[in-house]
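Let me begin by presenting the structure, written as structure tokens, before commenting on it.
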Amino acid sequence: KNRQLPLLSSANLVFLVEMAAQEVASQPSDTLTTLKTESETLKTKLEEERAKLHDVELHQVAEKIEALGQFVMKTRRTLKGHGNKVLCMDWCKDKRRIVSSSQDGKVIVWDAFTTNKEHAVTMPCTWVMACAYAPSGCAVACGGLDNKCSVYPLSLDKNENLAAKKKSVAMHTNYLSACCFTNSDMQILTSSGDGTCALWDVESGQMLQSFHGHAADVLCLDLAPSETGNTFVSGGCDKKACVWDMRTGQCIQSFETHESDINSVRYYPSGDAFASGSDDATCRLYDLRADREVAIYSKESIIFGTSSVDFSLSGRLLFGGYNDYTINVWDVLKGTRVSILFGHENRVSTLRVSPDGTAFCSGSWDHTLRVSGQKYLRLSGVVMKVSHLFCLSPDLGLNVDWNSDVSLFSPQLDSRITRRL
Amino acid sequence: MAQPSSCAQSSNGVADESPNMLVYRKMEDIIARMQDEKNGIPIRTVKSFLSKIPSVFSGSDIVQWMQKNLNIEDQVEALHLGTLMAAHGYFFPISDHVLTLKEDGTFYRFQTPYFWPSNCWEPENTDYAVYLCKRTMQNKARLELADYEAESLARLQRAFARKWEFIFMQAEAQAKVDKKRDKIERKILDSQERAFWDVHRPVPGCVNTTEADIKKSSRMKQPHKTRKSVYGLQNDIRSHSPTHTVTPEVKEPTEDELHDQIQHCQEQLDRHRLKMSKVAESLLSFAEQYLEYDPFFTTPEPSNPWISDDVTSWELEACKEAGQQRVKRWAFCFDEVMKDPVGREQFLKFLESEFSSENLRFWLAVQELKKRPIREVPTRVQEIWEEFLAPGAPSAINVDSRSYDKTTQNIKDPGRYAFQDAQEHIYKLMKSDSYSRFIRSSAYQELLQAKKKVQPQNRPRHTHASLLCMKFALNVKMVFHNDIKIQREIKMFHSLLSRT
């Protein structure tokens, strides 16, 4: 068949030559594109594999257990003393002391039980975003905009200047977002805005291992609770949560289902799962054995991001501190909210449950820290718990208003017993 | 229950907005629904004493709408969310600088989209000066400066002393333009302008909702989008200047990084996964097992220190004697024994009685090794080798040949993980063999049966009043729903009561 070729004008010829030139110029990026496509295909395949074993939802299996009543929480201690936003806090293993750090550059060690300040250090930088208590209780670590993590030994002598004994341990190339001692005072794990995590030897300041894999700032980390464990989880601005092997520096598992930055990660007490809190206003539970997200904790009315999460001792409750100034408590297994705590006057930036689970501490941009727990009612020496808000009929005699007095009265008793909680 | 939250998308369809934008979009979605003609909040003009109040709705209107349309059961929650939306400037009380939501007849107005925070406003002090100056020119009672505003104006006059003539002229020009406007229109615009400044220059003591988390602020700074001038005093930096490019939030991956990603995906594909049903059962049974140790479900013995102000339970935990509840935990899994220092001690004693304590001592020594400063590691590795693994070692342990060979290699270049393989082998050995015998041993059983050492100090005296109260409480069993121990106590009293 004879086909007549269309006549090309000179303009068209020039155009064709230019197009050809452009194609040649774009050759080097082809490998990148092919690799990207390959990576995307594998990721999709991975999600498919993970979905295959998803035969039931967690909350469906949890239908057989009894629902929790509403919990009423009450603040037990308010710690005032910071001059600006509280950014981070950590509990001491003695279950009563805490260390907190603030935007004003101050790091304070408190006995939260008595609300006394025991030590205070002024850092050379503002925005101290990370702080941690050493397992021995004899030192604290902190850092932030200075890109470093420094360790301060706590002296019993109140007159001693803590700043003089400061030890610079970690050096990153961007802000320090989180730090955590491993099982000893001698090693610190850090995460940074430079996109990496690192393990450091405190005494020498030597980096023992670095962890690369996040594509953006790493905002949080948590160590696995097991005695034999050598892993930790991290979350970042790339919306990814990664589980790392501390020995090899490899990323063992990763999860990418959040829609925005992951601000906080915390292991489930058994170590088999972890929770994450994100700017997308949800908390999620990821199980390591199922290798996928297994629950989302969210509500239509919660639109502000979660800044911090932690579990109660049994893992049944998940506490979340939010940027809308509230703390929401979730039933981990059923996925419902069982409590909402108001009280802070600005964002909740940090939240940790105490080591024995008897209370939780929250730090906020309103400059305060609050230690809170469940509300109890003491009546005639019997300690009873208030777990329902309902006002019942007067002749039954249990009338509860959580904001003011709690009164208990009955026709049989002579007088109305009013107890202020 | 899990509810899908609206996925925020930027205008080009890519979901990569800064965290603040995400929240603004969600609030704006709600505002759009509130302004819907059919299902939104009814906006009306109210006839007041001498004039009309245009385009308002009441606080209760907002709360009711929220409870109905946003699935909010509790009024307190609706008020809280509404207050936040007001504090960000999406609607405002028409007669108050303080931006909160009250559930009463107070009137509110919507903010015009021009002033929405999603427009990346960062207004300068010169603009604020023009605004305050303009207010003093307009002779209206409702536009009088509040105390804090008068103070701000005085400060700004000092700061901009040189520029003041220019600022004054601007203010005059603005005031002139305003005078020409329709009265009703002016009322609305004035209130919206004031609300804008209430967000960016809040009343002292109020939260400044424009404050940002410094970790995220680098992504929020979009110089080509930031609006600094309300009244056109400066070059509004919105022109497409080549020097102002948006910094991408996520770095583009390099070839090496992509190779790593691909390899990582391939490794993950090979992973052995458990079925969800199995995982769910495991999570449920763990929570159930530990419920009696969780202070949010079971009152600690003798009390929760934060409530009773009594630190006995902490002192008990610290002492060497372990109570029954603590001992019971050791039987849950091997990790529980190893986590508890008293548990380790008891287990060691047991192993000594069986003449196999070298396993545990080796494991503990290796754990200790990993905690030492890196400087001490080579010496410690040598010591451990000599004690436990070298030919003729005094506390020789039995490891499989593969681990032994690997360890022999490792100690030539001693690191913290030199004994990793051997340690894992010994752990498995103890777990499968010694641990189960420990739990069945008479020593452990005795500890389990031991009487509680401490009588709770504030043991309740059961007065007639308290018994009656318990009786009422029984009628409403939901009150004590979550506490297992109190449920049992109530059952006990119930039987007591029925007998009296």
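The values are calculated or read from the model by the stated rules, or taken from the named source; none is laboratory data. Here the structure is a predicted model, which is why all the values come from computation and not from measurement. As a convention, Cβ positions derive from the backbone with ideal geometry for all residues, glycine included, and neighbour counts pool all protein chains shown.
Conditions first: (1) touching a Lys or Arg at 6+ places or on another chain (Cβ under 7 Å); (2) more than 9 Å from chain A (Cβ to nearest Cβ). B:Trp330 passes all but one, so which condition is the exception?
Every listed condition holds for B:Trp330 apart from (1).
Keeping to segment A:27-79, report how many residues are more than 9 Å from every other protein chain (Cβ to nearest Cβ), in contact with a strand residue (DSSP E or B) (Cβ under 9 Å, 6 or more places away or on another chain) and in a helix (DSSP H, G or I).
Adding up the residues that qualify gives 2.
Could you check, for segment B:409-427, whether at least one of its residues is hydrophobic (A, V, I, L, M, F, W, C), assigned to a helix (DSSP H, G or I) and surrounded by fewer than 20 Cβ atoms within 10 Å (Cβ to Cβ)?
Within segment B:409-427 (the criterion being hydrophobic (A, V, I, L, M, F, W, C), assigned to a helix (DSSP H, G or I) and surrounded by fewer than 20 Cβ atoms within 10 Å (Cβ to Cβ)), the answer is no, since none of the residues qualifies.
Which residues, taken from segment A:342-352, are of a type in the set (A, V, I, L, M, F, W, C) and surrounded by fewer than 22 Cβ atoms within 10 Å (Cβ to Cβ)?
A:Phe342
Could you count how many residues in segment A:102-118 are in a strand (DSSP E or B) and within 18 Å of A:Arg77 (Cβ to Cβ)?
Result for segment A:102-118: 8.
Among (1) surrounded by fewer than 16 Cβ atoms within 10 Å (Cβ to Cβ); (2) under 29 Å from the mean Cα position of the chain (by Cα), where does B:Ile214 come up short?
(1)
For the condition of a type in the set (Ser, Thr, Tyr) and under 23 Å from B:Ala450 (Cβ atoms), what is the one hit in B:Ser401, B:Ser357, B:Ser313, B:Ser395?
B:Ser313
Would you mention how many residues in segment B:367-403 are in contact with a Ser or Thr (Cβ under 7 Å, 6 or more places away or on another chain) and more than 14 Å from every other protein chain (Cβ to nearest Cβ)?
Total meeting the criteria: 3.
Between a first residue in segment B:164-177 that is closer than 11 Å to B:Tyr231 by Cα and a second residue that is hydroxyl-bearing (Ser, Thr, Tyr) and part of a helix (DSSP H, G or I), which pairs have beta carbons less than 9 Å apart while being 6 or more apart in sequence or on different chains?
Note: pairs meeting the criteria are B:Ile167/B:Thr126; B:Gln170/B:Thr126; B:Ala171/B:Tyr131; B:Ala171/B:Thr136; B:Gln174/B:Tyr131.
Hey, does segment B:389-400 have a residue that's under 25 Å from B:Ser353 (Cβ atoms), modelled with pLDDT of 90 or more, in a helix (DSSP H, G or I) and of a type in the set (Gly, Ala, Ser)?
Taking every residue of segment B:389-400 in turn, none turns out to be under 25 Å from B:Ser353 (Cβ atoms), modelled with pLDDT of 90 or more, in a helix (DSSP H, G or I) and of a type in the set (Gly, Ala, Ser).
From (1) in the same structural domain as A:Leu341 (by TED's automatic domain parsing); (2) in contact with a His (Cβ under 7 Å, 6 or more places away or on another chain); (3) at pLDDT below 95, pick out the condition that doesn't hold for A:Gly69.
Checking A:Gly69 against (1) in the same structural domain as A:Leu341 (by TED's automatic domain parsing); (2) in contact with a His (Cβ under 7 Å, 6 or more places away or on another chain); (3) at pLDDT below 95, the one that fails is (1).
Based on what the data block shows, is B:Glu368 crowded, with 17+ Cβ neighbours inside 10 Å and among the charged types (D, E, K, R)?
In short, no.
Which of the residues spanning segment A:245-280 are facing chain B (nearest Cβ under 10 Å) and assigned to a strand (DSSP E or B)?
Result: A:Cys251, A:Ile252, A:Gln253, A:Ser254, A:Asn263, A:Ala273, A:Ser278.
Can you confirm whether A:Ala241 is of a type in the set (A, V, I, L, M, F, W, C) and crowded, with 24+ Cβ neighbours inside 10 Å?
Yes.
So if I check each of B:Glu37, B:Glu28, B:Glu73, which one is surrounded by 15 or more Cβ atoms within 10 Å (Cβ to Cβ) and of a type in the set (Asp, Glu)?
Result: B:Glu28 is the single residue among B:Glu37, B:Glu28, B:Glu73 that is surrounded by 15 or more Cβ atoms within 10 Å (Cβ to Cβ) and of a type in the set (Asp, Glu).
Select the strands (runs of 3 or more DSSP E) contained entirely in segment A:133-233, then report the ones holding at least 3 residues which are in the same structural domain as A:Ser264 (by TED's automatic domain parsing) and under 14 Å from A:Val121 (Cβ atoms).
A:139-143, A:148-153
Would you confirm whether or not segment B:121-128 contains a residue that is of a type outside the set (A, V, I, L, M) and within 30 Å of the chain's Cα centre (by Cα)?
Within segment B:121-128, one or more residues are of a type outside the set (A, V, I, L, M) and within 30 Å of the chain's Cα centre (by Cα).
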